[in-house]
1. For a protection proxy built on the mean count of beta-carbon atoms within 10 angstrom, sort 234-244, 12-22, 151-161 highest first, please.
2. Highest mean first, how do 49-56, 195-202, 63-70 rank when packing is the count of other Cβ atoms within 10 Å averaged over residues?
3. If N is the number of residues in region 300-392, what value comes out of its Cα radius of gyration divided by 2.2 N^0.38 Å?
4. Tally up the carbon and sulfur contribution to the accessible surface of region 25-228 as a whole percent, 1.4 Å probe, everything protein left in place.
5. Report relative contact order for the chain in percent, whole number only (criteria: Cα-Cα under 8 Å, sequence separation at least 6).
6. At 25 °C and 0.890 mPa s, what whole-number value in µm²/s does Stokes-Einstein give for the translational diffusion of region 25-228, with Rh from the Kirkwood sum over Cα pairs?
7. Express the accessible area of region 298-419 per residue in Å², computed with a 1.4 Å probe while the remaining protein chains stay in the model.
8. Which whole-angstrom value gives the distance between the alpha carbon centres of region 382-419 and region 149-185?
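The values are calculated or read from the model by the stated rules, or taken from the named source; none is laboratory data. Worth saying up front: this structure is predicted, and the values here are computed from it rather than measured. Don't worry about glycine lacking a Cβ; one is built from the backbone with ideal geometry, like all the others, and counts go over all protein chains shown. Surface areas here come from the heavy atoms of the whole protein model, side chains and all, with no ligands, DNA or RNA. Shrake-Rupley method; radii C 1.70, N 1.55, O 1.52, S 1.80 Å.
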Amino acid sequence: MDSLKIYGGTALTGEIAISGAKNAALPLLACGLMVGTETLRLGNVPDLADTRLMLALLGHLGVEAKKDGDDLLLSGAATSLVAPYDLVSQMRASILVMGPLLARYGEARVSLPGGCAIGTRPVDLHIRAMQKMGAIVELADGYVQARAPKGLTGAKILFPIVSVGATENAMMAACLARGQTQLVNAAREPEIIDLADCLNIMGAKISGAGSDVITIEGVDSLHSGHHSVVPDRVEAGSYAIAAAMTGGHLRLTQMRPHHLESLFEAMRQAGVSVDIGENTAEIRADGRYQAVDIETQPHPGFPTDLQAQFMAMMCLAEGRSKISETIFENRFMHVPELMRMGADITTDGRVAMVTGKPSLLSAQVMATDLRASVCLVLAGLATKGETTVSRIYHLDRGYADLEAKLGACGARLERVSGA
Ligand code: EPZ
């Protein structure tokens, strides 16, 4: 397993172009199951371990992916309706093939994804949404077996809690259901809007994406389309925090600053300068900043995917910060690793209290999940000396060209191949 050596203590200065969003690309790739022999052309797809895994799963199901310049062309009728455990267990977002397969082919057999480091991550809301549209769903041998031999029927689906994935699965399935579907208490993330935009380009009739009520009028089929993946707000937010922690000046380009309003508000409260343009954000910090309390919430609240990174930032703040994680039950795996670097953090359930210090200590630390891994990289960048982050395969799931992007801004990083 590879490790990343970080020789920290340098203020990052320069420009970083943001890649397409992993969490938009994964459901968009799943839409490739819905065009049959027509073609879905996707631009700005990030080259990540997770997108490569989704493409492997689509290939297993019969969808061919071809590169055309910077675009990805997806086409092909499904030759299998089974998403096997060995693929699904590597990436839980594989569950997003269930809605498309059920809608287009009337059947889907998808391995239960299992939990991960940040929580049990059930899929009950995905299943209930399919059942509300008339699917017969059984759980057997660790698989979800869903059938709708007469097709799906539009329904009103009220989500008891906001779920990004369940909203996406239900929205894709409803596109080809008979009649109207209403998703109530739907997720409002920018990735939901991006998916709806792409599906509408393919002939779907979706309105309300981005609000908590999404209405879908079913159509008979979807056709070819061309869509570009929305920029990754979590990647952008991670690098914005890197600028603050290292006392640097970074200009982020090819991004959507209004997708990060809650993060930028917290950073401005801390005393960091954040100037936004149409597709840019410029972050300047010249030393220490103030502690700020945050509580993760569904969009447009503070994103849970930036909680670990913001905690790393608060470890160097002046004062105490209260960080509440309301989305996942176990998303503090980065805390013991930050404490190995001398951070002063106490946790009580889903609340962490962080007392900022003037500096951290370089150390050997271990990545446990995708966002925890980048949080440790940020802490290493802000700390003089050599910090080594092990198990950085977690990092490779969600950050394209991280070493090159940060290296171009003065970071000294060295990937070490491990056993
Ligand atoms: C998506 O995961 C993202 N992943 C996650 O990003 C992100 O943290 C999460 O949304 C919240 O924003 C992708 O988009 C691929 P949820 P998802 O369903 O859809 C519970 C990253 O780091 N729940 O919105 O799986 C669930 O346990 C990843 O990029 C159920 O109870 O998240 C959680 O507590 C991590 N039953 C809450 O809902 C269900 O059927 C929100 O989860 C589904 C979810």
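1. 234-244, 12-22, 151-161
2. Result, highest mean first: 195-202, 49-56, 63-70.
3. Rounded to two decimals, the normalised Rg is 0.98.
4. Ligands and nucleic acids excluded, carbon and sulfur reach 51 percent.
5. RCO, the chain: 22 percent.
6. Taking Rh from Cα pairs, D becomes 149 µm²/s.
7. 38 Å²
8. 40 Å
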